[in-house]
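K.L.:
Just dropping this structure here.
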Amino acid sequence: MKPLGLGAIGSGEIAINSIFKHLELHDTDDKVFLAAVCDPVEGRAQSMAEKYGIRSWYMTDDELLADPAVDVVSICSPIRFHYEQGLKAIRAGKHVHFNKTMAMTSAEADELISEAERMNVKLTVSPGMMGWRANRLLRKAYLEGSFGQVTYAFGGVRGVLRYHLREEYRHDNYGSEPLIPTWYYKLPDGGPQYDHAPYGLTSITGILGPVKRVSCMGGQLQKEFRFGEKVIQSEVDDNFAFLLDFGDNVFGLFFSALAGGKNMFTPNIYGTDGNYIDGKLNDKALFDNPYAAFSIKGIPPQHMKLPEPHVYGDMMQLIDAVQFGDRPIASAEQGRHVLEIVEAGFESMRTGRCIELRTSFTPLSLEELQDD
């Protein structure tokens with residue numbers, strides 16, 4: 001089977017770290033090659049093509065999608081463009097990997113999934129957190145009854161808005177002007193809900209299954225941020241607390257916060273017969289080496305040493321789905337469900353109501369976890 005040509009729409013941090021640097025290793029040349037990149041910033045796509053050996057470069061996504069060498073697309077643009085660019089790629093017959101989130105609304109995600117089925121193309125959606133070994137073992141423990149009756153889980157993420165100000169590549173942008181992360185602080189797609197919360201929400205739903213109802217409180221704590229000498233006025237809410245109802249009186253407490261303690265991408269889980277708390281399952285360490293918790297199914301060690309290995313893994317799941325018919329862990333259906341949780345969180349904040357969810361997905365089965 002010939003390798004698939006990959007086109008990257010956008011050439012910022014996520015494209016560099018999750019695609020270009022990984023494919024530079026050339027250990028998957030039999031599966032995928034860098035066919036094209038596009039970016040509307042003058043000279044940027046060309047510089048990426050020259051640096052990373054990408055065959056073609058373009059200024060627009062329309063040019064990239066017209067390239068017959070492009071079989072698969074990874075959408076690495078700001079979130080507000082994901083739906084439009086994804087829909088165009090699907091209708092052009094391309095298989096699509098979305099960075100989070102796949103769209104701005106669950107209704108847009110519905111259309112993307114429906115069009116992909118009509119066009120017979122495959123989708124994956126980052127972040128595919130159920131590739132992480134810790135999450136897979138906890139899903140397996142949950143299905144095997146190690147917790148007894150689960151009562152609640154607690155997880156969350158913090159610090160994303162400040163993190164983006166410190167990304168190294170923004171200051172050393174291949175000799176050009178610094179890339180100022182202004183969009184992270186602007187509506188409609190800025191803030192931690194779309195950008196960071198999906199990590200923890202994908203983990204907690206991947207382990208316990210789909211959410212039935214969502215309640216959320218939130219608001220804005222910090223109104224301006226500094227990038228060097230530039231002051232960025234923030235428009236986004238940055239501090240949230242979720243209550244997730246998984247049904248049968250099982251609940252999840254989830255924070256998405258400006259600052260605070262550690263990130264809890266893998267949640268603590270509490271039950272009548274057992275608990276998982278900070279790396280220990282029923283008081284026994286889940287791993288001898290804590291770094292093993294973050295190993296990712298199917299990702300070789302050399303890729304784990306590079307940035308964003310989980311996103312690279314999600315993209316490679318798409319390649320395997322196209323070539324071998326594998327069921328992606330980073331499914332579009334779970335990506336849509338996580339997006340609806342985010343969407344419901346904003347609605348709950350506005351209305352003070354508990355919001356019923358309509359989407360669902362099929363979490364990993366015990367059979368799919370037998371090798372873990």
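The values are calculated or read from the model by the stated rules, or taken from the named source; none is laboratory data. Note that the structure is predicted; figures quoted are calculated from it, not measured. Positions of Cβ are backbone-derived with ideal geometry, glycine not excepted, and every protein chain shown enters the neighbour counts.
K.L.:
Checking the structure you have, find out if any residue of region 293-306 is under 23 Å from PRO192 (Cα atoms) and either more than 23 Å from the chain's Cα centre (by Cα) or touching a residue at least 12 places away in the same chain (Cβ under 8 Å) (or both).
P.N.:
yes
K.L.:
I've got another one for you. Quick check on this structure: which one of GLY335, GLY352 is crowded, with 16+ Cβ neighbours inside 10 Å, in the same structural domain as HIS196 (by TED's automatic domain parsing) and either among the acidic types (Asp, Glu) or modelled with pLDDT of 95 or more (or both)?
P.N.:
Values: GLY352 fails: crowded, with 16+ Cβ neighbours inside 10 Å.
Answer to the selection: GLY335.
K.L.:
Just a yes or no: is a residue in region 265-282 basic (Lys, Arg) and either in contact with a strand residue (DSSP E or B) (Cβ under 8 Å, 6 or more places away or on another chain) or within 19 Å of THR28 (Cβ to Cβ) (or both)?
P.N.:
No, the conditions are met nowhere in region 265-282.
K.L.:
If you don't mind, there's one more thing I want to ask. Given the condition buried (at least 17 other Cβ atoms within 10 Å of the Cβ) and among the hydroxyl-bearing types (Ser, Thr, Tyr), answer yes or no: does some residue in region 362-372 qualify?
P.N.:
Within region 362-372 (the criterion being buried (at least 17 other Cβ atoms within 10 Å of the Cβ) and among the hydroxyl-bearing types (Ser, Thr, Tyr)), the answer is no, since none of the residues qualifies.
K.L.:
Could you count how many residues in region 109-132 are of a type outside the set (A, V, I, L, M) and more than 17 Å from the chain's Cα centre (by Cα)?
P.N.:
7
K.L.:
Is it the case that region 282-299 has a residue that's of a type in the set (Asp, Glu) and at pLDDT 95 or above? Show your work before the answer.
P.N.:
Let us first name the residues in region 282-299 that are of a type in the set (Asp, Glu), namely 283, 288.
Subsequent filtering for residues that are at pLDDT 95 or above retains none.
No - not one qualifying residue is present in region 282-299.
K.L.:
Restricting to region 5-58, count the residues that are surrounded by fewer than 18 Cβ atoms within 10 Å (Cβ to Cβ) and either among the hydrophobic types (A, V, I, L, M, F, W, C) or not assigned by TED's automatic domain parsing to the domain that holds CYS76 (or both).
P.N.:
2
K.L.:
Further, regarding this structure: For a quick check of your reading: which strands (runs of 3 or more DSSP E) sit entirely within region 1-91 and have at least 2 residues that are under 21 Å from VAL311 (Cα atoms), in contact with a strand residue (DSSP E or B) (Cβ under 9 Å, 6 or more places away or on another chain) and among the small types (Gly, Ala, Ser)?
P.N.:
4-9, 32-38
K.L.:
When you scan region 93-104, do you find a residue that is among the basic types (Lys, Arg) and touching a Ser or Thr at 6+ places or on another chain (Cβ under 9 Å), even just one?
P.N.:
Yes, some residue in region 93-104 is among the basic types (Lys, Arg) and touching a Ser or Thr at 6+ places or on another chain (Cβ under 9 Å).
K.L.:
Against the condition modelled with pLDDT of 95 or more, surrounded by fewer than 24 Cβ atoms within 10 Å (Cβ to Cβ) and under 17 Å from the mean Cα position of the chain (by Cα), how does ARG136 come out, does it pass?
P.N.:
yes
So that you can scan it fast, the table gives a plain yes or no per residue for (1) outside the structural domain of ALA109 (by TED's automatic domain parsing); (2) charged (D, E, K, R); (3) farther than 22 Å from SER77 by Cα; (4) within 22 Å of the chain's Cα centre (by Cα):
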| position | (1), (2), (3), (4) |
| --- | --- |
| GLN193 | yes, no, no, yes |
| LEU201 | yes, no, no, yes |
| ALA241 | yes, no, yes, yes |
| VAL250 | yes, no, yes, no |
| PHE255 | yes, no, yes, yes |
| ALA259 | yes, no, yes, yes |
| ASN282 | yes, no, yes, no |
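K.L.:
For region 228-287, which strands (runs of 3 or more DSSP E) that fit wholly inside it have 1 or more residues that are within 14 Å of SER203 (Cβ to Cβ)?
P.N.:
Per the criteria, 239-247, 250-257, 264-271, 275-277.
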